[in-house]
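In what follows, a structure is listed as structure tokens, so that the remarks can point back to it.
The values are calculated or read from the model by the stated rules, or taken from the named source; none is laboratory data. Because the structure is predicted, anything quoted here is derived from the model rather than measured. Cβ placement follows ideal geometry from the backbone for every residue including glycine, while neighbour counts extend to all protein chains displayed.
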Amino acid sequence: MQNWLIMLLRAISMFVVTIPLIRLLGRGNLRNITPFKFVNYTIIALMIALISLGVVPNILHSIIVLGAWFALLLSLDYLSLKSKAIHDVINGKETIIMKDGKVMEANLKEVHFTGEDLLRELRSKNIFNLADVEFAVMESTGEINVMVKSDKKPLTAHDIQKKVAPKSEPQTVILDGNILDESLANRGLNRAWLKVELAKAGVSLDNVFIGQVDSSGDLYLDLFDDSVQISQPKVKELLYANIQQCHADLLSYALETDNKTAKEMYSKNADKLKTLINKLEPYLLN
Amino acid sequence: MTVGAKVKQTLATLKGVESTLRVYSLQSSNEDEKEVYRSALNTTKEVIKDLENRLKVLEYEEPQYKGN
């Protein structure tokens, strides 16, 4: 057989072999990879390259070596899933770099990090002031994770003791002018509902780039033609305003009437609406 | 505007509120959210019932404005 044909066959067969092998290695993010795995992956990649280039004359030997590396890597992977000790030996443990707001210089030296590196990593996490850091740790992948002091943490609804409505994830029901039936069905909606909503907004389906249904079932539309102004759902604000108006009405009726039982009835219902308003506020105004 | 007519207007607004709440109680996907809308719907229904009863009395007292 001609030489070039052998090379071609080699390249193709190695390519085909590589695809399932890579799948076997699992699907971690390559950015968050431990040095141990990085070295392994590099060696395997080099081996595959060398084999397909024909640098190793005996194809059987090269396959055996490649298989051995793979088997070792996979078995170590498996063992590290089973045992924490093996996992720590192979992947290393996380190193605490800052504790109680103080830099642990010895640990920093251990992971070959300079003060400059630490500051750069903190800056990349939007922390420019070392004084804001309470605790920082370097993961076994080399990534730095920081806990800032509690008074520098972003404000949450819990901090200001404000009740917020629980929300489910929105469903994208229109993409590029096409209706996605599956996500519609996930929300228990159908095309007929969507048609009504589109008619309400006064747009045709072809003009919609993205349409999303939020947790409470309102449809948000983004159009291809950005010069068209569509009214985004304001139903909830309107609902809130209406309930408030009814509440005010009932209060004034209670003041106006001379009938005692009617007065009581009006103020009782006004109170009911008041509690209703308080309960609905996080849902309707957000 | 007579009291009866005003109460009727409030009643109409409340009925609108009721129907919107009903739509939300059906189309919300989150169970908690659904429950809040559902209980709000019940409260609104109670208020509507009370107002309707009051309206009957008012119409009896001012029959000349009935049906306005």
| query | Picking from A:I22, A:I6, A:I59, A:I96, which residue would you name as being under 28 Å from the mean Cα position of the chain (by Cα), loosely packed, with under 15 Cβ neighbours inside 10 Å, at pLDDT below 90 and of a type in the set (V, I, T)? | reply | A:I22
| Does A:V228 meet the test of being more than 9 Å from chain B (Cβ to nearest Cβ) and in a helix (DSSP H, G or I)? | no
| request: Consider B:Y37 carefully, then state whether it is at pLDDT 90 or above and either touching a Phe, Trp or Tyr at 6+ places or on another chain (Cβ under 8 Å) or among the aromatic types (F, W, Y) (or both). | output: yes
| said: If the requirement is being part of a helix (DSSP H, G or I) and at pLDDT below 90, which of these qualifies: B:V57, B:V47, B:V17? | reply: B:V57
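To keep it simple, each residue is scored yes or no on (1) under 29 Å from A:D151 (Cα atoms); (2) within 30 Å of the chain's Cα centre (by Cα).
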site: A:L79; (1), (2): no, yes
site: A:K82; (1), (2): no, yes
site: A:I90; (1), (2): no, yes
site: A:G101; (1), (2): yes, yes
site: A:M104; (1), (2): yes, no
site: A:K109; (1), (2): no, no
site: A:R120; (1), (2): yes, yes
site: A:K125; (1), (2): yes, yes
site: A:F128; (1), (2): yes, yes
| field | Residue ID - farthest from A:L5 (Cα to Cα), chosen from residues in segment A:36-53 that are touching a helix residue (DSSP H, G or I) at 6+ places or on another chain (Cβ under 6 Å) and not aliphatic (A, V, I, L, M) | value | A:F36
| request: Would you be able to say whether some residue in segment A:264-274 is more than 7 Å from chain B (Cβ to nearest Cβ), free of Cβ contacts under 8 Å to residues at least 40 places away in the same chain and crowded, with 17+ Cβ neighbours inside 10 Å? | output: yes
